[in-house]
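*Asks:* Take this structure, written in structure tokens, and hold onto it; I'll ask about it next.
Nothing in this text is a laboratory measurement; each read-out follows from the coordinates by a stated rule. Source: prediction; values computed, not measured. Backbone-built Cβ (ideal geometry, glycine too); neighbour counts: all protein chains shown.
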Amino acid sequence: MARLVMKFGGTSVASIKHMENVAAKVRTEKLAGNEVVVVVSAMGDETDRLVSLAEEAQVPEVDTRRELDVLLSTGEQVSIALVAMVLSRSGLPAKSFTGAQVAIKTDGVHNRSRILEIDAERLEADLGKGIVPVVAGFQGVNESSDITTLGRGGSDTTAVALAARLKADECRIYTDVEGVFTTDPRIVETARCLERITFEEMLELASLGSKVLHTRAVELASKFHVPLRVLSSFNDSTGTLITREENITMEAPLISGIAFTKNEAKLTLLGVPDLPGIASTILGPISAANIEVDMIVQNVSADRSTDFTFTLSRQDYDQAAVILEAIAASMGAREVTGDTSIAKLSIVGVGMRSHAGVASKMFEVLAAESINIQMISTSEIAISVVIDEKYLELAARALHSEFDLAEPFA
């Protein structure tokens, strides 16, 4: 007998018919003798609808983050009640639980809280009685008993946290895709669903643009050694198992996947005095404006001036450009230039640790396609480049082919 946490996203519970499909998957596991805890998101686009209503009701002068959490948490509350009803109708005893009822304790931060602890006593008791607990994802309560929500990827995070607390054998994340692919199949037709991938690789892919899982959920699974499986709600594929590196084939593939993001922009400050603390002087005001910076390159010229370049989200470009213009004027820099038509492309694989020449091979492939590399960043298992956005799909296809990602790893 295994203990499973099965999490179903919004598309998986978008209607009663979809919920009946969820019930069928849960029933299969129960008939196999397994204990099951179900975690669900809000139905379909319900969260977006609630956010839209909040935007109509809010005024900028009033802090309504607490009320927004109360509002958004209702989406999951609807889902858990309906899913529990559908499970009961199919002959499976089920009981719904909000974050407060499970006692998912969070810190005091509204809209992006973090889980501190979970009291699993009620869940353990119901599991012992053969009941299927249906838990609301994305929410908890702080020490003041106020409802808080976990922010992006919150339901996945809830599922992993519950799996860790309940010592589950596996946490399954059911989505509208079959698993983790070598790259976006909408861009590269030969993209392949991976059978297994390491936590470290999944973290890199998620942070570099892959949208299958949020980094918080993967980090939590890695920390508590929770086997994490991504699979489809709409077919019977086995999906992708995300696990520790020692559980992967001894000779890991050189490259496991390609991630990319189009929502990138670049700003450059030219002719900056080459003095100690200059990076802090430039990036301090950017950070103070809650603008996240990604890749950074600083080049020192023969005249002891420096050019300072960084990338950021395209949506923050205009605000950052205004801040940078003021910084340039205060330090006597030559000018500020920018580009909002770039993209970041990354290759990821634990096999890089034991193989030389991966970077040079990547650069050769891009050169053969006449694609200019504007910036480069590396980690132990990833290489990222900034290129012109119009060449992104060509670059992804060429690299996918060169590294043989369409072929299953033997």
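*Asks:* Could you work out which residue, out of Gly44, Gly91, Gly151, moves most in a Gaussian network model of the chain, that is, has the largest mean-square fluctuation with Cα springs under 10 Å?
*Replies:* Checking each option, the largest mean-square fluctuation is seen for Gly91.
*Asks:* Another question about this same structure. In what sequence do Ile131, Ile282 fall when counting other Cβ within 10 Å, fewest first?
*Replies:* The fewest-first ordering by Cβ neighbours comes to Ile131, Ile282.
*Asks:* Taking just the alpha carbons, could you work out the radius of gyration and Dmax for region 128-266, both in angstroms?
*Replies:* Reported Rg and Dmax, both Å: 16.2, 57.
*Asks:* What does the net charge come to around Asp294 if you take all other residues with beta carbon closer than 10 Å to its beta carbon, with K and R at +1 and D and E at -1?
*Replies:* That sum, taken over residues with Cβ under 10 Å, equals 0.
*Asks:* Then there's this: Which of Ile197, Ser96, Pro285 sits farthest toward the positive end of the charge dipole of the chain, with +1 on the Cβ of Lys and Arg and -1 on the Cβ of Asp and Glu?
*Replies:* Ser96
*Asks:* Hey, got a sec? Which GluC sites (Glu not before Pro) in region 1-81 land in a DSSP loop and have at most 14 other Cβ atoms within 10 Å?
*Replies:* When the GluC sites (Glu not before Pro) of region 1-81 are filtered for loop state and at most 14 Cβ neighbours within 10 Å, Glu61 remain.
*Asks:* Between Thr238, Thr182, Thr337, find the one with the highest GNM mean-square fluctuation for the chain; connect C-alpha pairs within less than 10 Å.
*Replies:* Its mean-square fluctuation being the largest, the pick is Thr337.
*Asks:* Given all pairs of different Cα atoms, what value in angstroms does the Kirkwood hydrodynamic radius of region 3-176 take?
*Replies:* Across region 3-176, the inverse of the average 1/r is 16.0 Å.
*Asks:* Averaged across orientations, what area in nm² does the convex hull of the alpha carbons in region 78-182 project?
*Replies:* Here the figure is 7.7 nm², rounded to one decimal.
*Asks:* Same structure again: Compute the longest continuous run of the chain that contains no exposed trypsin sites (Lys or Arg not before Pro); treat a site as exposed when its DSSP state is not H, G, I, E or B and it has at most 16 other Cβ atoms within 10 Å.
*Replies:* With trypsin sites (Lys or Arg not before Pro) excluded where exposed in loops, the chain gives 1-111 as its longest stretch.
*Asks:* Sequence gap at least 6, Cα distance under 8 Å: using those rules, report the relative contact order of region 266-410 to the nearest whole percent.
*Replies:* It comes to 24 percent, rounded to a whole number.
*Asks:* Please report the net charge: other residues with Cβ closer than 11 Å to the Cβ of Thr106, K and R +1, D and E -1.
*Replies:* Neighbourhood net charge equals -2.
*Asks:* Once you keep just the Cα pairs under 8 angstrom separated by 6 or more residues, what percentage relative contact order results for the chain?
*Replies:* 13 percent
*Asks:* Specify the inter-centroid distance of region 190-245 and region 131-170, based on alpha-carbon positions, in whole Å.
*Replies:* One Cα centre to the other: 18 Å.
*Asks:* State the label only: which of (i) 41, 28, 18; (ii) 38, 24, 19; (iii) 31, 28, 19 corresponds to semi-axes √(5λ) of the Cα gyration tensor in Å computed from the shown model?
*Replies:* Here the calculated entry is (i).
*Asks:* Charges on Cβ only, +1 for Lys and Arg, -1 for Asp and Glu, centred on the Cα centroid of the chain; of Phe234, Ala396, Ala81, which one is farthest towards the dipole's positive end?
*Replies:* Projecting each Cα onto the dipole axis, the largest value belongs to Ala81.
*Asks:* I've got another one for you. Using alpha carbons only, how many angstrom separate the centre of region 51-99 from the centre of region 351-395?
*Replies:* About 43 Å separates the Cα centre of region 51-99 from the one of region 351-395.
*Asks:* Rounded to the nearest 10 degrees, what's the angle between the helix 317-331 long axis and the longest principal axis of the chain, both from Cα atoms, 0 to 90?
*Replies:* The angle comes out at about 40 degrees.
*Asks:* Given R₀ = 45 Å, FRET efficiency for Lys129-Val51 by Cβ-Cβ distance, to 0.05?
*Replies:* Computed FRET efficiency for Lys129 and Val51: 0.75.
*Asks:* Tell me the relative contact order for region 3-176 as a rounded percent, counting alpha carbon contacts under 8 Å between residues six or more apart.
*Replies:* Reported as a whole number, the value is 31 percent.
*Asks:* What net charge do the residues around Ser341 carry, taking every other residue with its C-beta under 15 Å from that of Ser341, with Lys and Arg at +1 and Asp and Glu at -1?
*Replies:* Here the count lands on -1.
*Asks:* Something else about it: Among Pro60, Pro285, Pro133, which one shows the biggest mean-square fluctuation in a GNM of the chain, springs joining Cα atoms closer than 10 Å?
*Replies:* The residue with the greatest mean-square fluctuation here is Pro60.
*Asks:* Return the percentage of antiparallel bridges among DSSP beta bridges fully within region 3-176, rounded to the nearest 5 %.
*Replies:* 25 percent
*Asks:* Under a no-solvent Debye model with one identical scatterer per Cα of region 258-402, what's log10 I(q)/I(0) at q = 0.20 Å⁻¹?
*Replies:* Log10 I(q)/I(0), no solvent term: -1.16.
*Asks:* Please identify every one of the GluC sites (Glu not before Pro) in region 183-215 that sits in a loop by DSSP and has no more than 14 other beta carbons within 10 Å of its own beta carbon.
*Replies:* Glu189
*Asks:* How large is the dipole of region 310-379 about the Cα centre if only Lys and Arg carry +1 and Asp and Glu carry -1, each at its Cβ, rounded to the nearest 20 debye?
*Replies:* Taking the Cα centre of region 310-379 as origin, the dipole is about 340 debye.
*Asks:* Order by neighbour count: Ser377, Ser330, fewest other Cβ atoms within 10 Å first, most last.
*Replies:* By the 10 Å Cβ count, ascending, the order reads Ser330, Ser377.
*Asks:* Follow-up. Counting Lys and Arg as +1 and Asp and Glu as -1, each charge on the Cβ, what is the dipole of the chain about the Cα centre in debye, to the nearest 20?
*Replies:* 1160 debye
*Asks:* Determine the calculated [θ] at 222 nm for the chain from helices alone, applying -39500 (n - 2.57) to every DSSP H run no shorter than 4 residues and normalising by the residue count; nearest 500 deg cm²/dmol.
*Replies:* Mean residue ellipticity at 222 nm (helix-derived): -11000 deg cm²/dmol.
*Asks:* Less than 29 Å apart at the alpha-carbon level, and either on another chain or at least 8 residues along: which lysines does that give for Lys129?
*Replies:* Reachable lysines: Lys7, Lys17, Lys25, Lys30, Lys95, Lys105, Lys167.
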